[in-house]
Amino acid sequence: MNRTCRIFRVLRTQKFSRVQRNTGPQATPPPNFTASTSQDLRAEIRKRAVKHVEKLGWTDYALAESCRELNLSPATVRIHTNGISDVIFDQMDEWNKRLENELPEKLRDTISLEDRIRIGVQLRLSYLEPVLHKWPEAMYIGLDPRNIATTVQKLWRAVDIIWHSCGDRSFDTSYYTRRVILFKIYVSTELYMLTDKSEGHRETWSFLRRRIEDTINIGQYVSGALLLGDTVWN
């Protein structure tokens, strides 16, 4: 209960301090970047913005700093109609692509379904490490009513990749049931990770293991009860 309170306190009291623009010497211009379309330009600005998150947070200041690197006016930030949320969702897409490419190799010698799921969730969460201390800001933005649908879509994609890599090819109602269950496990573990100060996030991975074990045990219990009910009914 205390940990849950701490988690929601982090999300509710997270302050997005207005960082003063760097007034020091201008950064050395990067190698020439030629954008063939405005879409390419936006993508390049968002990509560079992630590097400034550690100092400037998930704010439009990170986007403005990216524009400065490209020798563009800070006003160029306005081409991102959704502001910093575009950067957050781009980053989630990038993590999902990495997961899709890297997870099959990680699962090559893993037989247990429980271990496969655990490895998948752990791998996806490990991508947060470089920006973990600033991630509550991103979560706060992702929970905005204007962004919540996209946030769910990105996370759903992550759990779908994990299940697909575990060998799930179902097309019946279990397809959705399994993903909803894993979605809940993933989100609860990510929240736990925000306040975990243990070395190597040891407590987070223990929490994840317990959640998976509890879910599997409940599933076996429910399946057994349904089977018993069918037997008695027939």
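The values are calculated or read from the model by the stated rules, or taken from the named source; none is laboratory data. Only a predicted model underlies this, so the values are computations on that prediction, with no experimental measurement involved. Note: ideal-geometry Cβ built from the backbone for every residue, glycine included; neighbour counts use all protein chains shown. Side chains included, ligands, DNA and RNA excluded: accessible areas come from the protein's heavy atoms. Shrake-Rupley method; radii C 1.70, N 1.55, O 1.52, S 1.80 Å.
Numbers at a glance
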| quantity | calculated |
| --- | --- |
| Residues of the range 85-119 satisfying the condition of being β-branched (Val, Ile, Thr) and within 15 Å of the chain's Cα centre (by Cα) | Val87, Ile88 |
| Of all residues in the range 121-178 being surrounded by 12 or more Cβ atoms within 10 Å (Cβ to Cβ), of a type in the set (D, E, K, R) and farther than 17 Å from Asp90 by Cβ, the one that is farthest from the chain's Cα centre (by Cα) | Asp168 |
| Of residues in the range 100-114 being open to solvent by 100 Å² or more (accessible area, probe 1.4 Å) and either at pLDDT 85 or above or not in a loop (DSSP other than H, G, I, E, B) (or both), the one nearest to Gly167 (Cα to Cα) | Arg108 |
| Among (1) among the hydrophobic types (A, V, I, L, M, F, W, C); (2) at pLDDT 95 or above; (3) open to solvent by 30 Å² or more (accessible area, probe 1.4 Å) - the single one Trp95 does not satisfy | (3) |
| Sole residue being without any contact (Cβ under 8 Å) to a residue 12 or more places away in the chain, closer than 17 Å to Arg116 by Cα and not in a helix (DSSP H, G or I), chosen from Asp196, Asp172, Asp168 | Asp168 |
| The range 175-193, residues that are farther than 14 Å from Leu132 by Cα and touching a residue at least 40 places away in the same chain (Cβ under 8 Å) | Leu182, Ile185, Tyr186 |
| Counted residues, the range 69-85 - those being surrounded by fewer than 19 Cβ atoms within 10 Å (Cβ to Cβ), of a type outside the set (S, T, N, Q) and assigned to a helix (DSSP H, G or I) | 4 |
| Scope the range 134-150; condition in a helix (DSSP H, G or I) and either touching a Pro at 6+ places or on another chain (Cβ under 6 Å) or without any contact (Cβ under 8 Å) to a residue 24 or more places away in the chain (or both); matching residues | Ile148, Ala149 |
